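Each remark here refers to the structure printed beneath this line.
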Number of protein chains: 2
Amino acid sequence: MKAEYINPFVDSTLNVLSTMAFTDSSPGAPSLKKDNLTKGAVTGLIGMAGSEINGNMILSFEKATILSIVSKMVMEEFSEINDDVTDAVGELTNMISGGAKKLLSEHGLSFDMATPIMIVGQNVELKQLSDHPVISIDFTTDSGKFWVEANLASA
Amino acid sequence: MKAEYINPFVDSTLNVLSTMAFTDSSPGAPSLKKDNLTKGAVTGLIGMAGSEINGNMILSFEKATILSIVSKMVMEEFSEINDDVTDAVGELTNMISGGAKKLLSEHGLSFDMATPIMIVGQNVELKQLSDHPVISIDFTTDSGKFWVEANLASA
């Protein structure tokens with residue numbers, strides 16, 4: 001995955017979290033993902049597919065982080081990861097990948113998005129094909145961390 | 001998901017397993033998936049995305065089933081789910097969804113595929129958005145069962 005492909009995911013994440021969940025977040029430096037485990041308590045993933053490029057985006061939240069974000073999004077307190085919370089993770093996954101899609105189209109990269117799948121549980125073994133390196137970025141918020149991972153390569 | 005969209009996944013599964021892994025399999029009747037858990041010991045999933053239609057395909061294997069299939073595919077014995085086996089699950093996921101894509105294009109439905117993600121572990125909680133019903137089909141082979149799940153709806 002080319003380094004310049006990752007910034008649109010960072011920019012879209014900051015924008016979606018700020019406008020939809022009134023949450024400021026600061027990104028760390030991008031790094032190559034070295035293990036195959038889900039990092040947070042709940043994870044959204046979505047396929048991106050075009051005739052020239054394809055891959056996946058993964059968004060994984062610590063429990064406290066996602067409960068705070070969803071509580072702000074829907075203006076109701078959540079204390080457990082229930083169906084409303086996993087649906088919100090799916091919507092965030094849609095919105096962030098949709099924002100990145102718009103930004104990447106300015107680089108001439110076009111793709112459509114599949115529908116999100118949400119995985120509940122930390123340290124779930126989640127692998128991609130051995131020749132598909134995944135870039136990971138950690139984000140810090142007032143209520144905890146979350147991670148954005150993406151791989152996008154020539155189809 | 002319309003019922004006629006599921007047959008191409010069944011036909012492609014029978015074809016890929018027979019030609020790539022010399023494995024005959026018999027499909028059960030399609031049913032609506034009622035829980036959110038992975039059924040087999042290793043699961044491949046792939047996003048399908050077009051301008052008019054999108055969704056996911058999920059392929060989940062009992063351990064004995066996938067070990068037998070991969071052993072036949074690469075003509076080498078496997079006794080554990082290692083990286084070679086998960087990569088083979090990814091390739092099968094690619095080939096089966098690719099075959100279904102070709103058949104569905106004859107119905108005027110076009111989409112591209114993302115890249116596969118493999119999940120290791122049974123009973124992993126794997127959810128889709130609440131308004132995206134998933135059709136599940138169980139297949140029986142000489143060495144055990146596997147499942148194909150698909151949802152495909154207007155984008």
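The strands (runs of 3 or more DSSP E) found entirely in region A:112-155 that carry 3 or more residues being touching a strand residue (DSSP E or B) at 6+ places or on another chain (Cβ under 8 Å) and either farther than 23 Å from A:D11 by Cβ or within 11 Å of chain B (Cβ to nearest Cβ) (or both) are A:117-120, A:125-128, A:144-154. The requirement of being surrounded by fewer than 19 Cβ atoms within 10 Å (Cβ to Cβ), of a type in the set (A, V, I, L, M, F, W, C), more than 13 Å from chain B (Cβ to nearest Cβ) and closer than 23 Å to A:H107 by Cβ is fulfilled somewhere in region A:32-40, by at least one residue. Only residues that are under 22 Å from B:L126 (Cβ atoms) and touching a helix residue (DSSP H, G or I) at 6+ places or on another chain (Cβ under 9 Å) were counted across region A:61-85, and they come to 10. When every residue of region B:74-88 is checked against the conditions, none turns out to be surrounded by 13 or more Cβ atoms within 10 Å (Cβ to Cβ), touching a residue at least 60 places away in the same chain (Cβ under 8 Å) and not aromatic (F, W, Y). Checked against the criterion of being part of a strand (DSSP E or B) and surrounded by fewer than 20 Cβ atoms within 10 Å (Cβ to Cβ), region B:17-30 has at least one qualifying residue.
Residue-level check: of (1) within 17 Å of B:G99 (Cβ to Cβ); (2) away from every other protein chain (no Cβ under 14 Å); (3) in contact with a Pro (Cβ under 7 Å, 6 or more places away or on another chain); (4) of a type in the set (A, V, I, L, M), B:M20 misses just (3). With respect to B:G55, is the statement that it is within 14 Å of chain A (Cβ to nearest Cβ) and either part of a loop (DSSP other than H, G, I, E, B) or at pLDDT 95 or above (or both) true? Yes; evaluated as a whole, the condition is true for this residue. Being within 12 Å of another protein chain (Cβ to nearest Cβ) and either without any contact (Cβ under 8 Å) to a residue 24 or more places away in the chain or among the aromatic types (F, W, Y) (or both) is the filter here; which residues of region B:99-111 pass it? The one that is within 12 Å of another protein chain (Cβ to nearest Cβ) and either without any contact (Cβ under 8 Å) to a residue 24 or more places away in the chain or among the aromatic types (F, W, Y) (or both): B:F111.
Considering (1) farther than 28 Å from B:A88 by Cβ; (2) at pLDDT 95 or above; (3) not hydroxyl-bearing (S, T, Y); (4) not in a helix (DSSP H, G or I), the lone condition that A:G108 does not fulfil carries the number (2).
The values are calculated or read from the model by the stated rules, or taken from the named source; none is laboratory data. The structure displayed is predicted, hence computed values, not measured ones. Backbone-built Cβ (ideal geometry, glycine too); neighbour counts: all protein chains shown.
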